[in-house]
Amino acid sequence: MRRQLSTAAIVIALAATATACNSDGVDAKPDSSASAGQGAVAPDPGKGGGADKGGADKGGAGQGGADKGSAGQDGVVGNTVTIKAKNGAQIAVTLKNFADPAQSDNKFMKPSAGKRWVAAQLEIVNTGKEVYDDSPANGVKVTDEGGQAYTHSIGSTTAGANMPATVKLTAGQKALGYVVVSMPETAKVKTISFTPDSGFAKETAEWTIKK
């Protein structure tokens, strides 16, 4: 009886040791069927009272490793790239203008110390049959030459009217406006990208900013 209890104690100790090794939350055998980025939540541009609430994250254009647009190549300012949202809505997106730096039109709302604003003017046209329903600013990223990406900031500029916070475009309808992004004063812009569905669609339009 005593020998059986001793054996059981050893088994329990070994199990506890194995559990402790995985206490960092990393599975010893990851589930290959699990999709990357599962459980991600779309950012809410309306939260935060400051003007300089734009986020920054590593990575290229588009969130979640989105594909490039159907054009198959990078665009430049003035070029149009046709992409699709998750519901199949087809949109033609044109980078009409890019202001760098972009000047605030409100003396009470300016970039924080060491930062500057840039602003991308996008025109989005629904060229398909499905309704395009989105918050476009959430899908905009500006990436610098070091690969750091910066997202939408609350603010408005002298460059022109902002992109509407939400759009619901039927076939043939369009939306036009600037999206403000905050980034370090010394950072050099390399690309601007737009991904539908608040950045979570599979296709991304991207434009290279020439020096």
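The values are calculated or read from the model by the stated rules, or taken from the named source; none is laboratory data. As the structure is a prediction and not an experimental result, all values here were calculated from the model. All Cβ positions, glycine included, derive from the backbone under ideal geometry; neighbour counts span all protein chains shown. Just so you know, the surface numbers come from the protein's heavy atoms only, side chains and all, with ligands and any DNA or RNA stripped out. Shrake-Rupley method; radii C 1.70, N 1.55, O 1.52, S 1.80 Å.
Which of the following residues is in contact with an Asp or Glu (Cβ under 9 Å, 6 or more places away or on another chain), part of a loop (DSSP other than H, G, I, E, B) and hydroxyl-bearing (Ser, Thr, Tyr): 198, 112, 193?
Matching residue, one of 198, 112, 193: 112.
Go through region 169-207 and count every residue that is surrounded by fewer than 24 Cβ atoms within 10 Å (Cβ to Cβ), over 20 Å from residue 117 (Cβ atoms) and of a type in the set (Val, Ile, Thr).
Qualifying residue count, region 169-207: 1.
Return the residues of region 144-154 that are open to solvent by 10 Å² or more (accessible area, probe 1.4 Å) and not aromatic (Phe, Trp, Tyr); say none if nothing qualifies.
144, 145, 146, 147, 148, 151, 152, 154, listed by residue number.
Enumerate the pairs (first residue in region 177-195 and in contact (Cβ under 8 Å) with a residue 12 or more places away in the chain and within 13 Å of residue 149 (Cα to Cα); second residue anywhere and open to solvent by less than 10 Å² (accessible area, probe 1.4 Å) and aliphatic (A, V, I, L, M)) with beta-carbon separation below 6 Å, excluding pairs fewer than 6 apart on the same chain, so at least 6 apart or on different chains.
Listed by first residue and then by second, the contacts come to 181/118; 181/142; 189/142; 192/120; 192/142; 194/93; 194/140; 194/205.
What residue, of 62, 50, is closer than 18 Å to residue 197 by Cβ, open to solvent by less than 40 Å² (accessible area, probe 1.4 Å), in a loop (DSSP other than H, G, I, E, B) and at pLDDT below 95?
The conditions single out 62.
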